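Report on the structure given below.
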Amino acid sequence: INNFTEEIIELAVRLNLDVIIASQSKLDESLLKNLKHRTRASVYGKVTGFEGKPLLDKYPDAVPVTHDDTPTTSDWYVGVCPTHAGVKTEIQSRIDSVIELGVDGIWLQFMHYPTKWDEQKPVIMDTCYCDRCISKFKDYVGDEFEYSDMEELFLLIDGSYYQEWLDFKAKQIVSMVKYARDAITTS
């Protein structure tokens, strides 16, 4: 729930909910205490990952790059590159601040590479081919492969390094989920 009006809290009480998921941007100690006092629900903090115009405004070099320059934004979605150090630090800070409140758990939202899969007509994008991702990927595979343009890079990765590319991207996401898990278990 993004907007906890008195009516919403009363509805949660009447529905006898087991779990309430509150947006990290709206959740504070007062709201958490109110929800725990008035409901029997576990309260989870929703932490947004690799998405959001505010993140992209703060880190303009975190724009995700597709192999064919497909835009990675829509009217409601703004993807952000998962390898950007500043973005990762920001998400970790969000996770830490929610845990410090004493929530019962965390809901990680948009913890994936930028793509618009949950639309009526999904657009499954292959991201991110930014210079930072490619540099990290070269380090990951231990190869200094050369390419002359984005099409050649895409064909090289898709043909010779496809499984490694998927593994590399999965490890970027898993590292953030692991961070959240470790932060929860050490709190």
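The values are calculated or read from the model by the stated rules, or taken from the named source; none is laboratory data. All figures in this text were calculated on a predicted structure; none of them were measured in a lab. For neighbour counting, all protein chains shown are included, and Cβ atoms are generated from backbone atoms with ideal geometry for every residue, glycine included. Just the protein is used for accessible areas: all its heavy atoms, side chains included, with ligands, DNA and RNA removed. Shrake-Rupley method; radii C 1.70, N 1.55, O 1.52, S 1.80 Å.
Key figures
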quantity	calculated
Kirkwood Rh in Å, taken over all unlike Cα pairs in segment 22-106	14.4 Å
Mean separation of Cα contacts under 8 Å (6+ apart) over length of segment 14-146, as relative contact order %	27 percent
3J(HN,Hα) from dihedral phi, segment 62-69, Karplus parametrisation 6.51/-1.76/1.60, rounded to Hz, x for glycine, proline	9, 5, x, 10, 9, 5, 10, 6
Descending principal axes extents, segment 65-187, alpha-carbon based, whole Å	51, 37, 22
Cβ-Cβ FRET estimate between residue 135 and residue 182, R0 fixed at 30 Å, reported to 0.05	0.70
Prolate/oblate/rounded call for segment 86-130, Cα gyration tensor, a/c under 1.5 rounded	oblate
Gain in span if fully extended, residue 101 to residue 171, counting 0.36 nm per residue against the direct Cα distance	22.4 nm
Protection proxy ranking of 105-117, 39-51 - average other beta-carbon atoms within 10 Å, highest first	39-51, 105-117
The chain - percent of accessible surface contributed by carbon and sulfur, probe 1.4 Å	51 percent
Cross-link table 138/171; 121/171; 58/116; 33/53; 53/116; 46/138, entries beyond 26 Å C-alpha to C-alpha	121/171; 33/53; 46/138
In degrees, nearest ten, helix 162-185 long axis to first principal axis of the chain (Cα)	30 degrees
Using θ = phi - 60° and Karplus 6.51 cos²θ - 1.76 cosθ + 1.60, couplings along segment 26-31 (whole Hz; Gly, Pro as x)	9, 7, 9, 4, 5, 5
For the chain, accessible area per residue (1.4 Å probe, heavy atoms of protein chains only), Å²	56 Å²
Karplus-derived 3J(HN,Hα), 6.51/-1.76/1.60, for each residue of segment 35-52, Hz, glycine and proline x	5, 5, 6, 9, 10, 9, 7, 6, 10, 10, x, 8, 10, 7, x, 8, 7, x
Whichever aspartates and glutamates have a C-alpha closer than 15 Å to that of residue 169, once near sequence neighbours (fewer than 8 apart) are set aside	126, 131, 139, 158
Segment 115-175 versus segment 40-95: alpha-carbon centroid distance in Å	17 Å
Difference of contour (0.36 nm per residue) and Cα-Cα distance, residue 16 to residue 28	2.2 nm
Under-5 Å amide H pairs with residue 116, H placed in peptide plane, nonlocal only	123, 125
